[in-house]
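One structure is given here, and the rest of the page talks about it.
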């Protein structure tokens, strides 16, 4: 009986020791687990904080972006206004220059006028070096291309002075009869008149006359002189 009791106590003691060791181990394990959980939570919190910092940046950018958009619109409006003001100034300068050029042309035209006495016309008439003569081929009255350009220049000048009235003189060289050359000179003057009217001049600004071979520019008896005499000449009857 006594031997059984001792073994039971020994076993109880052994079991009690084993039980005590198991509780300590569990407590140590719990402590280690708690520490690991706490570390994990710290890491998670740090990650969350970092994430919040990153996600917070775009919000700040958006808030600051609204004034930037408004400022950009203001700058665009300022640039547009400045461009319109510049365009208006340029138009005004162009208008002033055109007026000054017009006055200069009028002065040049006035300076170019030379008074002369024309047979058959009462009083004085005027000539201008700015109104150029045109030439014709022998026995022809059609307008040549190079002379059409001269007529365009004459028309451009005269349209700037709408009150001016001109007369176109038709001339011929000495070959042919007087009657034939008078008729040819008239056709030449009328050809120029029709062309000027087609360019926008008024018919009441233009009159014509033919001198035939009566007023040669060059009295020579050769082709060079004859070519000079086959012309339409322009005079100014009134301003």
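Couple of notes before you dig in:
- For the range 111-217, the square roots of the Cα gyration tensor eigenvalues, ordered a ≥ b ≥ c, give a/c of at least 1.5 with a/b no greater than b/c, which places it in the oblate category.
- Under the criterion of Cα pairs below 8 Å and six or more residues apart, the relative contact order for the range 118-238 equals 39 percent.
- Here the residues 207, 198, ranked from fewest to most Cβ neighbours within 10 Å of their Cβ, fall in the order 198, 207.
- Two-site FRET efficiency, residue 97 against residue 77, from Cβ-Cβ distance with R₀ of 45 Å, rounded to 0.05: 0.90
- As a proxy for reagent exposure, 69, 114, 164 were ordered by neighbouring Cβ count within 10 angstrom, fewest first; the result is 69, 114, 164.
- Theoretical gain in end-to-end length, residue 204 to residue 160 [0.36 nm per residue, Cα-Cα removed]: 14.3 nm
- Between residue 153 and residue 138, full extension at 0.36 nm per residue minus the direct alpha carbon distance yields a gain of 3.0 nm.
- Distance between the modelled labels on residue 239 and residue 68, one decimal in nanometres: 6.9 nm (7 Å Cα→Cβ projection).
- Sequence of 128, 112 once ranked by neighbouring C-beta atoms within 10 Å, starting from the fewest: 112, 128
Readers should treat all values here as calculations from the given coordinates under stated rules, not as data from a laboratory. Since we're looking at a predicted model, the values are computed, not measured. Please note: Cβ atoms are built from the backbone with ideal geometry, for glycine as well, and neighbour counts cover all protein chains shown.
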